[in-house]
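The values are calculated or read from the model by the stated rules, or taken from the named source; none is laboratory data. The model shown is predicted, which means the values in this text are computed figures rather than measured ones. Don't worry about glycine lacking a Cβ; one is built from the backbone with ideal geometry, like all the others, and counts go over all protein chains shown. All accessible areas refer to the heavy atoms of the entire protein, side chains included, with ligands and DNA or RNA removed. Shrake-Rupley method; radii C 1.70, N 1.55, O 1.52, S 1.80 Å.
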Amino acid sequence: MKLKALQFTSITYRLVFACLMAAVVIYGGSYYQMRALLQQVMTGWINQIALSKLDAIVAKHQSSLHLIAEQASRLVQMDERLYLADQNGLKVILPVSPYVSKLAISSGTKDQEHSFGWQAEADGQSWQSTAADDDLLNSCNVVDGQHYWARHVRTQVLVFCTGRFMQGKVLQSIAIQINMQPLLQDLQNNLHLLDEVDHSVQGHPYVENQLTGNFMLGFEFIPKDISTRSTEGTGKGRDVHYKRQLQDMPLVYGFYFPEAEFQAYLGKYFMIVIFSMGKDMLLMCIAIALVSRQTTRSLRSLSKSTEEIAQGNLDTELTKIPRSDEVGRLSRSFRRMRDSLKLHILELQEATAARQRMESELAIAAQIQQAMLPSAEAATDPRYSMSTLLQPARVVGGDLYDFFHVADERICMVIGDVANKGMPAALFMVRTLSLMRTLAHQSSSPAALLFAVNRELAQNNSECRFVTMFFAMLDLKSGVLQYASAGHDAPLLLRDGKVSKLALETGPALGLEEEASFPQFEIRLLAHDIVIMYTDGITEARNQHNEEFSEARLQTTISRQAPAFAADIIRSVTLAHQQFIAQAPQFDDLTLLSMQFHPEAKRRKPAFADWQISLNGQSLAYDQVRPRLAGLLHAQQVSDEVVDDLQLITEEVLVNVLKHGATDQDPASIRLDVHLQESEVVLDVVDNSHAYNPLHGISQPDLEVDFADRPEGGLGLYLVNALADHIDYNYAQGQNNLHIRKFLVKP
């Protein structure tokens with residue numbers, strides 16, 4: 001899941017963040033390598049500087065001290081009278097030097113020994129004669145032919161000793177006291193590393209007097225075991241240590257840089273490197289931010305313009321970006337997109353207006369088409385009853401059905417299927433129906449009628465449109481059904497609970513062959529026979545598994561309804577068809593026509609106002625039933641919920657009887673009896689209509705289907721069955737009895 005903190009609102013912020021993250025990753029990943037490299041470089045640099053300085057100072061001091069030793073050696077060979085009383089003579093041989101502080105000379109044998117001394121003046125330019133320093137002379141013990149360095153008997157002063165011998169006897173000895181202070185100061189001032197950042201001194205010089213084993217310089221910083229360490233490079237741990245022995249002298253010069261100080265020194269320079277690199281990275285991020293800001297300025301302007309476009313303002317002015325980079329190309333692309341979008345919307349508006357006009361025209365055409373088809377209520381003769389269904393696959397369809405009288409005793413029935421769908425098929429269907437009604441009165445038989453209609457349709461039929469059709473004439477007096485087919489499926493006959501196909505040999509579809517003939521058949525219908533006509537949209541419908549509904553499934557569905565009425569057949573087939581195809585789309589028009597023959601029926605279908613309705617013995621008009629029922633129940637403190645349910649139940653039952661009931665009794669009546677018992681309300685509905693079980697075939701309708709596409713009927717009785725707690729039906733003594741119970745409180 002993306003972190004909200006990283007969902008930047010600006011490309012500039014994202015680039016700066018990426019720059020910083022890159023710095024962290026790069027510097028973090030190379031931290032130890034950088035430190036190791038810096039340590040290696042600094043160690044080499046320190047070693048090189050320290051060693052070169054140490055060697056230079058050692059060479060300088062060694063040269064100076066060797067010169068003093070040579071001058072002293074020449075002095076001891078000279079006649080003492082040359083410098084005994086005259087300092088000038090002494091200065092010629094042994095010039096005054098800052099490194100020599102005192103001179104003591106002893107001459108003669110032990111019996112005639114005399115001594116004298118010289119001391120350098122404070123100005124460092126001349127000698128001053130003084131008494132011989134016995135301690136200085138006692139520091140030397142000259143052996144024939146030797147000169148050496150010695151330490152003072154009482155101090156850390158370095159003494160150079162030399163003498164002149166003759167026949168194994170000391171004729172003269174000289175002791176020169178070396179002034180170490182200038183040497184040590186020179187070493188202190190020059191043998192170190194100067195930090196260029198804070199000008200601090202790094203490292204510690206030291207001088208070891210090998211005659212005493214003590215340090216003349218740096219003793220407070222130098223470890224005691226320094227004399228045992230290596231004379232080159234690093235010693236213990238990471239300490240930097242160099243030392244040099246002065247040639248022919250008891251002095252050791254050294255340079256010591258402890259590990260802790262070295263790490264601190266290294267850390268300081270490492271932080272300087274990090275700071276410098278960080279500064280460079282910051283400058284680079286600032287540069288990136290400035291460049292990105294400059295680059296995205298045009299994008300921000302372009303974004304604002306596109307927001308205006310998104311709000312529908314296609315006339316907004318897009319910022320012109322006269323550049324050849326990606327931003328410039330994007331700006332030009334947006335400009336082309338805006339222009340194309342304006343053109344597309346204009347075309348879409350025109351197309352939408354045209355489609356709306358077309359849809360309006362189709363809706364009007366559908367209304368006209370439906371108006372041309374008779375409803376089941378048009379069957380006013382009690383000797384037959386009709387029920388129909390036409391459900392187009394589109395707004396208008398090509399299927400057709402019709403029934404009409406051509407004489408008092410003859411009724412014509414027709415069902416057909418025009419090739420293709422949509423408006424052309426609907427227009428062809430209208431023309432066909434018009435020809436059927438016009439020519440039916442001029443034709444004596446179904447075969448003659450099909451022949452006449454076919455001739456009219458085949459003429460000037462350059463588009464080769466055609467329609468399959470089944471046409472039948474029923475003589476209501478004799479029950480003889482004559483029929484012929486033009487390429488249409490044979491209807492089904494439901495007789496005594498069994499379903500069979502009518503014997504049929506079909507001719508070609510109408511409109512193809514101008515002189516085609518159509519074989520005619522006939523059958524005598526018995527009382528209560530039902531003839532079911534259908535189009536292939538029923539039998540060839542497929543579900544989501546590409547399975548076909550089939551004629552066999554249609555026959556099985558019809559046989560389950562026996563005994564039944566014409567309307568039951570339509571309802572059961574429609575429900576079975578919907579349950580079979582489920583969510584699969586409808587590809588073809590669905591058309592059904594069922595006709596039931598009642599040869600001896602004398603019953604009539606009363607008008608709505610002819611029914612006499614009574615509630616608990618009181619005559620009421622239809623619109624008075626609901627409020628009177630509510631008043632009776634509220635007077636008995638029945639809850640509003642139960643009252644509402646009983647009102648809806650009563651209304652649906654009444655509507656079902658008033659709409660579908662037919663009777664040969666006079667008057668047609670409906671009696672409502674309401675009884676309040678301890679835990680329930682009992683409603684008895686009794687009517688003298690023909691036998692009709694409203695509970696037969698009730699199943700849950702498909703509530704997902706659009707209202708316009710839902711078949712007529714079925715929903716009201718489903719609601720009655722759902723709201724009531726118990727329903728019973730029986731037919732006795734020419735009356736339908738519906739016994740309904742509604743609990744006052746749910747158990």
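General observations
- Candidates in the range 95-138 are the residues that are at pLDDT below 80, among the hydroxyl-bearing types (Ser, Thr, Tyr) and in a loop (DSSP other than H, G, I, E, B); of these, the one that is most open to solvent (accessible area, probe 1.4 Å) is Thr109.
- Subset of the range 193-216 [within 19 Å of Val159 (Cα to Cα), in contact with a helix residue (DSSP H, G or I) (Cβ under 9 Å, 6 or more places away or on another chain) and in contact (Cβ under 8 Å) with a residue 60 or more places away in the chain]: Met216
Conditions tested, residue by residue: (1) under 26 Å from Gln596 (Cα atoms); (2) aromatic (Phe, Trp, Tyr); (3) in contact with a strand residue (DSSP E or B) (Cβ under 7 Å, 6 or more places away or on another chain).
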| residue | (1), (2), (3) |
| --- | --- |
| Arg410 | yes, no, yes |
| Asp417 | yes, no, yes |
| Leu433 | yes, no, yes |
| Ala448 | yes, no, no |
| Asn454 | no, no, yes |
| Leu457 | no, no, yes |
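- Of the residues making up the range 392-404, those that are open to solvent by 10 Å² or more (accessible area, probe 1.4 Å) and at pLDDT below 85 are Pro392, Ala393, Arg394, Val395.
- Members of the range 497-551 that are among the small types (Gly, Ala, Ser) and either crowded, with 19+ Cβ neighbours inside 10 Å or under 20 Å from Met473 (Cβ atoms) (or both): Ala503, Gly507, Ala509, Gly511, Ala516, Ser517, Ala527, Gly537, Ala541
- Test: residue in the range 624-633 that is open to solvent by less than 90 Å² (accessible area, probe 1.4 Å), not small (Gly, Ala, Ser) and not in a helix (DSSP H, G or I): no
- Close pairs (6 angstrom Cβ cut-off, 6 or more residues apart or separate chains): part of a loop (DSSP other than H, G, I, E, B) in the range 499-520, of a type in the set (Asp, Glu) and surrounded by fewer than 16 Cβ atoms within 10 Å (Cβ to Cβ) anywhere: Pro519/Glu505
- Each residue in the range 273-300 was checked for being polar (S, T, N, Q) and open to solvent by less than 40 Å² (accessible area, probe 1.4 Å), and 3 pass.
- In this structure, Asn546 qualifies as out of contact with any strand residue (DSSP E or B) (no Cβ under 9 Å at 6 or more places or on another chain) and on the phi > 0 side of the Ramachandran plot.
- Residue match in the range 661-679 (condition: open to solvent by less than 20 Å² (accessible area, probe 1.4 Å), more than 30 Å from Ile538 (Cβ to Cβ) and at pLDDT below 80): yes
- Total residues in the range 325-344 satisfying the condition of being farther than 19 Å from Thr295 by Cα and touching a residue at least 24 places away in the same chain (Cβ under 8 Å): the figure is 3.
- Qualifying residue in the range 424-447 (condition: part of a strand (DSSP E or B) and of a type in the set (Lys, Arg)): no
- Residue list for the range 167-192, filter: without any contact (Cβ under 8 Å) to a residue 60 or more places away in the chain, of a type in the set (S, T, N, Q) and more than 30 Å from Tyr256 (Cα to Cα): Gln167
- Checked against (1) open to solvent by 40 Å² or more (accessible area, probe 1.4 Å); (2) within 23 Å of Leu65 (Cβ to Cβ); (3) modelled with pLDDT under 80, Phe221 passes all but a single condition, namely (2).
- Of all residues in the range 473-490 being touching a Phe, Trp or Tyr at 6+ places or on another chain (Cβ under 9 Å), assigned to a strand (DSSP E or B) and not hydroxyl-bearing (Ser, Thr, Tyr), the one that is farthest from Gln442 (Cα to Cα): Gly487
- Residue in the range 552-571 that is modelled with the lowest pLDDT, counting only those that are crowded, with 18+ Cβ neighbours inside 10 Å and either within 14 Å of Ala691 (Cα to Cα) or among the aromatic types (Phe, Trp, Tyr) (or both): Ala564
- Cβ separations smaller than 8 Å between residues 6+ apart or across chains give the following pairs from the range 16-39 residues that are free of Cβ contacts under 8 Å to residues at least 60 places away in the same chain to residues that are open to solvent by less than 90 Å² (accessible area, probe 1.4 Å) and of a type outside the set (S, T, N, Q): Phe17/Leu6; Phe17/Phe8.
- Conditions (1) of a type in the set (A, V, I, L, M, F, W, C); (2) over 21 Å from Ser639 (Cβ atoms); (3) at pLDDT 65 or above; number of the one not met by Ile698: (3)
- Against the test of being assigned to a loop (DSSP other than H, G, I, E, B) and either buried (at least 16 other Cβ atoms within 10 Å of the Cβ) or at pLDDT 75 or above (or both), the options Gln172, Gln247, Gln146, Gln156 yield a single qualifying residue, Gln247.
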